[in-house]
Structures are given as structure tokens and as C-alpha cells.
Amino acid sequence: MSQLLSRLSHITFNVKNGLQLVSDLVNRFRFQLFAVRITEGARQFAFKQGSAIFVVNETSPGEQGVLESNWSIQRPESCRGIHNPPRKQETASSTGVGLLYDGDLSAAVDTASNVCFEVEDVDCIFRHLCSHKCRIMVPPARLEDDEGFVTYLVVKSVVGNVCHTLVDRSKYRGEFLPGFQKIESQNTQFDNVITHFDHVAYASPRLSTPGILEWYEKCFGFKRFQLSHDEKPGEGYVIQGAGVGLRLTAMQYWKCSEVGLSFSSEAQEKDCKFVIAESLPEQGRNQVDTFLEQHGGAGIQHVGLYTPNIIVAAQVLQDAGVQFVTPPPDYYSEVSKKMEISEAGLDLELLSQLGILLDGEQKGSETLPLTVEARKRYLMQIFTQPIFSEETFFLELIQRHGASGFGEGNIRALWKAIQAYMDRQEKPLTL
Ligand SMILES: O=C(O)C(=O)Cc1ccc(O)cc1
Ligand SMILES: [Fe+2]
């Protein structure tokens with residue numbers, strides 16, 4: 001089968017009371033609210049910055065499932081009779097969640113739970129997913145309005161509450177999806193401060209990574225990729241010691257091997273990466289364990305937002321009141337860090353004022369000094385504090401300069417900073 005997914009469309013939050021998040025996304029994160037959909041059971045708000053789109057689903061429990069009379073929802077002919085009918089409570093028309101382009105809105109805590117992809121052929125993917133015994137939450141359905149129609153399905157992943165809406169919008173001319181009303185955007189002066197989604201990070205229980213990799217490989221055609229040259233194939237990228245215990249494993253759905261394409265902005269937008277983070281038992285409790293506990297299981301821990309200029313982006317967001325996690329004070333005073341920053345031609349003072357982390361792609365060694373080219377590859381990151389009342393989901397700004405992975409130094413610094421933040425919250429550190 002050819003390419004299963006065409007591109008990442010949007011990421012959905014399911015929240016009980018959306019107003020706080022809506023206000024934060026507009027007033028702090030400077031996203032443009034560009035489309036809204038209001039039904040009797042839910043309100044949906046769509047935000048964008050560049051091609052990064054978030055949808056906030058605000059639901060009031062017990063009021064879901066209202067079918068609006070002027071929209072039609074049908075099962076395409078080609079799906080009938082191929083598979084067993086889905087369980088009754090999971091059909092789009094019996095719960096109405098299908099009408100929200102989503103699968104499960106019953107989360108106990110606010111959560112980012114749906115990564116939606118655009119696809120070319122929903123029926124074909126439906127058959128593919130069924131052949132792998134995937135759990136279909138909403139079988140192929142069609143929603144339309146005056147601007148045309150979309151076909152979509154919702155499949156449950158093997159990561160906690162994460163599901164994926166797969167949508168074919170080739171027959172739709174409207175702004176976003178059927179049912180959404182276009183809104184005149186504010187914040188247009190900030191457009192492209194963020195240009196696209198760079199990566200999605202899952203927090204998942206110990207030893208769950210192989211099953212997750214297998215599912216994404218067989219269902220969506222994702223490919224695993226190495227985060228570091230010293231990563232062992234069966235192990236992932238293990239970062240351990242000094243209170244840090246983390247196993248990271250990365251996969252992506254767009255082959256980056258097309259050399260020459262891989263650093264073009266088009267390819268960067270297409271090759272959104274997924275990172276699976278497990279905590280390692282030896283080092284005590286950490287932010288992955290905290291996520292699992294407060295979220296009630298595995299899920300999306302953070303989303304990396306790509307910015308072409310992290311200094312501008314961090315400044316804009318900080319001025320608007322976004323709270324970032326600040327690295328430990330000694331981060332910028334280490335000699336090697338100072339060198340890395342000056343070699344990149346950046347202003348140490350500015351980076352430290354904003355709390356931006358910088359990490360080179362690879363570390364050299366005495367036997368293997370870095371080439372000039374490798375020296376020039378680095379990335380910069382900054383992480384927000386959790387955006388919901390639980391210590392669960394947060395956002396990240398990332399700017400890459402030739403580096404495709406994640407910096408070990410940054411991860412250690414982030415780890416320490418989040419640990420210090422959790423300590424300040426006086427949360428118990430033992431289970
Ligand atoms: O460094 C990043 O931005 C990553 O996405 C890798 C990562 C993922 C989860 C963690 O708890 C810590 C680091
Ligand atoms: Fe990240």
C-alpha cells in the first residue's frame with residue numbers, strides 16, 4: 001500500500017471547561033481562533049499558527065449526541081458488509097462523538113487526545129486497519145455542509161486515551177471542516193511565529209514502547225529512527241544518571257531518507273516525529289510517572305511547536321504571560337555550553353534571559369573530534385509549564401539548525417528544572 005497518511009492535520013484537546021484554554025491559546029500562545037462550531041452538546045474551537053492547528057472540544061457531560069438536522073451523516077456504500085458492524089455505543093450516530101470528529105470525550109481530566117491526519121482514501125485505510133484488528137471508534141462516516149463533504153474515521157491507538165481521526169477533505173472547499181463557521185482572526189500579526197508541529201511526545205508506562213512501535217508501524221506505516229548515534233537498536237535512547245532515568249524511542253511517518261528534501265520546510269512539515277518516553281525505575285519518580293498518575297494513564301505529554309526564530313517566539317509568548325520552565329542557573333555558566341552558544345553565533349545573555357536551551361547534535365570525543373559540519377548542527381528548545389490544572393500536558397517551542405533529534409543536555413536540564421518545579425509545588429515525590 002502506498003503512503004497511508006498524507007499529513008498531520010490537527011491535534012485535539014478535550015476539556016470540561018474550554019474557556020480558560022481558549023483564552024490561553026489566543027491571549028498567551030497567540031494562536032488565531034479561526035473557526036468555531038457550536039452544537040447543543042459541545043463547542044469546538046479551531047486555532048492556528050502557520051500549519052499547526054489545535055482544536056478544543058468543550059463538552060458538558062451527558063449532553064453529547066445531538067444530531068443537527070441540517071447535516072447528513074452516512075456510511076459510504078463500500079464499507080457496508082465488509083466488516084462486522086461496530087458495537088452500538090461506538091457508532092457515530094448513536095453517541096454523536098463522530099459528529100465532533102472524535103472518538104471518546106469522557107476523559108476525567110483535561111487532555112490532548114486526538115492527533116488527526118489527512119488521508120487520501122478512508123475506505124482503503126479502514127480495510128487496512130480492520131485487517132490489523134484495530135479498534136475502530138467511529139467507522140467511515142461523512143459530514144457535509146454547503147462547502148462540500150469530508151469522509152473520516154476514528155481509530156483508537158494503543159497509547160492510553162490517544163485516538164486518531166483520519167480525514168479525507170479533498171471534496172471540501174470550506175475553511176476547516178463541515179459545520180465550522182469561519183471567524184475573523186485576531187493575532188494575525190503573530191502568524192508564523194510558529195510554523196508547524198515538530199513532534200508529539202507520548203508518556204507511556206515502562207516496557208510499553210515495543211508494542212506502541214509495532215502498532216504504529218503496521219497500522220500507519222511509521223518508521224522508527226535513531227535519536228542518537230549511540231542508541232542501541234532494541235533499547236531506545238537511554239538517558240540515565242544524576243537523577244535522570246528516561247528511555248526515548250522515536251518514530252516518524254514520513255521517510256526522511258529523501259536526502260535534499262529533508263531540510264526543506266515542506267519536508268519538515270511532513271515528517272512530524274513521535275517520541276515515546278518511558279521512565280526508568282532506578283532513578284526514582286519523575287515527570288513521566290507524574291504524568292501517568294495525574295493523567296490517569298498514558299497519553300500525549302507534550303507537543304513541540306516549530307519556530308523559525310525561537311528568540312522572537314519566546315519573547316512574544318513571555319510578554320503575553322506564558323510561563324516557561326527555567327533551566328537551572330548553572331546551565332549557562334558551564335564552559336562547554338558557553339562555547340556551544342558562541343560557536344552558534346548566539347547571544348548568551350539573551351538565551352539565558354529567556355531560558356532557551358541550546359544543544360549540539362553530537363558530542364565529540366578525543367578519538368572522534370567533531371567535523372565542522374557536525375559542530376554547526378544544533379537545536380534550541382524552551383518548555384512551558386503544564387497548561388492544565390494537573391501536571392500533565394505542556395507545550396514546547398523548538399528551532400532546529402540542522403539537528404534532527406533531541407539534545408541530551410537539554411533533556412537533562414529540562415528534567416532538573418521540572419523536578420525543581422514539582423518540588424516547589426510540594427507534591428510528594430514518592431508514590
Ligand atoms: O526533548 C524533547 O523535546 C523531547 O520531546 C524528548 C522528551 C520526551 C519526553 C520527556 O519527558 C523528556 C524528553
Ligand atoms: Fe519535545
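Of note:
- Search result, residues across region 295-328 that are aliphatic (A, V, I, L, M) and farther than 19 Å from Gln399 by Cβ: Ala298, Ile300
- Pair list, Cβ < 6 Å and 6+ apart or interchain, from region 1-27 residues that are under 23 Å from Val322 (Cβ atoms) to residues that are at pLDDT 90 or above and part of a loop (DSSP other than H, G, I, E, B): Val15/Asp110; Leu25/Phe31
- Residue in region 323-344 that is in a helix (DSSP H, G or I) and either within 19 Å of Arg30 (Cβ to Cβ) or in contact with a Pro (Cβ under 9 Å, 6 or more places away or on another chain) (or both) present: no
- When residues in region 293-316 are screened for being within 16 Å of ligand 2 (Cβ to nearest atom) and either surrounded by fewer than 20 Cβ atoms within 10 Å (Cβ to Cβ) or assigned to a helix (DSSP H, G or I) (or both), 3 of them pass.
- Among residues of region 213-236, those that are away from ligand 2 (no atom under 16 Å from the Cβ) and either closer than 28 Å to Phe45 by Cβ or of a type in the set (A, V, I, L, M) (or both), counted: 2
- Filter pass, Leu227 being in contact with a Gly (Cβ under 7 Å, 6 or more places away or on another chain) and of a type in the set (A, V, I, L, M): yes
- Check on Glu118, of a type in the set (D, E, K, R) and at pLDDT below 95: no
- Residue within region 113-129 that is among the basic types (Lys, Arg), in a loop (DSSP other than H, G, I, E, B) and either without any contact (Cβ under 8 Å) to a residue 12 or more places away in the chain or open to solvent by 40 Å² or more (accessible area, probe 1.4 Å) (or both) present: no
- Some residue of region 211-231 being surrounded by fewer than 14 Cβ atoms within 10 Å (Cβ to Cβ) and either under 16 Å from Leu280 (Cβ atoms) or among the hydroxyl-bearing types (Ser, Thr, Tyr) (or both): no
- Residue pairs whose Cβ atoms lie under 8 Å apart, separated by 6 or more positions or on different chains, with the first residue in region 392-404 and acidic (Asp, Glu) and the second part of a loop (DSSP other than H, G, I, E, B) and within 13 Å of ligand 2 (Cβ to nearest atom), do not occur.
- Of the residues in region 250-268, at least one is more than 10 Å from ligand 1 (Cβ to nearest atom) and modelled with pLDDT of 90 or more.
- Matching entry among Phe34, Phe47 (being assigned to a strand (DSSP E or B), closer than 24 Å to Asn161 by Cβ, at pLDDT 85 or above and among the hydrophobic types (A, V, I, L, M, F, W, C)): Phe47
A quick yes/no check of all residues on (1) within 15 Å of ligand 1 (Cβ to nearest atom); (2) closer than 17 Å to Cys134 by Cα:
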| residue | (1), (2) |
| --- | --- |
| Val200 | yes, no |
| Thr209 | yes, no |
| Ile212 | yes, yes |
| Cys219 | no, yes |
| Gln226 | yes, no |
| Glu235 | no, no |
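- Checked against the criterion of being of a type in the set (A, V, I, L, M, F, W, C) and at pLDDT 95 or above, the candidates Ile136, Ile183 yield just one match: Ile136.
- Of all residues in region 130-171 being in a strand (DSSP E or B) and open to solvent by 40 Å² or more (accessible area, probe 1.4 Å), the one that is farthest from Pro205 (Cα to Cα): Asp145
- Between Glu175, Glu184, the distinction of being away from ligand 1 (no atom under 14 Å from the Cβ), free of Cβ contacts under 8 Å to residues at least 12 places away in the same chain, farther than 21 Å from Leu280 by Cα and part of a loop (DSSP other than H, G, I, E, B) belongs to Glu184 only.
- Checking Gly234 against (1) touching a strand residue (DSSP E or B) at 6+ places or on another chain (Cβ under 6 Å); (2) open to solvent by 70 Å² or more (accessible area, probe 1.4 Å), the condition it does not meet: (1)
- Yes/no for Pro210 being away from ligand 2 (no atom under 16 Å from the Cβ), of a type outside the set (A, V, I, L, M, F, W, C) and part of a loop (DSSP other than H, G, I, E, B): no
- Some residue of region 20-43 being under 25 Å from Val122 (Cα atoms) and in contact with a Ser or Thr (Cβ under 8 Å, 6 or more places away or on another chain): no
- Residue in region 351-358 that is hydroxyl-bearing (Ser, Thr, Tyr) and either in contact with a strand residue (DSSP E or B) (Cβ under 6 Å, 6 or more places away or on another chain) or open to solvent by 30 Å² or more (accessible area, probe 1.4 Å) (or both) present: yes
The values are calculated or read from the model by the stated rules, or taken from the named source; none is laboratory data. As the structure is a computational prediction, the values presented were derived from the model and not from experiment. Here the Cβ is made from the backbone with ideal geometry for all residues, glycine too, and neighbour counts use every protein chain on show. Surface areas here come from the heavy atoms of the whole protein model, side chains and all, with no ligands, DNA or RNA. Shrake-Rupley method; radii C 1.70, N 1.55, O 1.52, S 1.80 Å.
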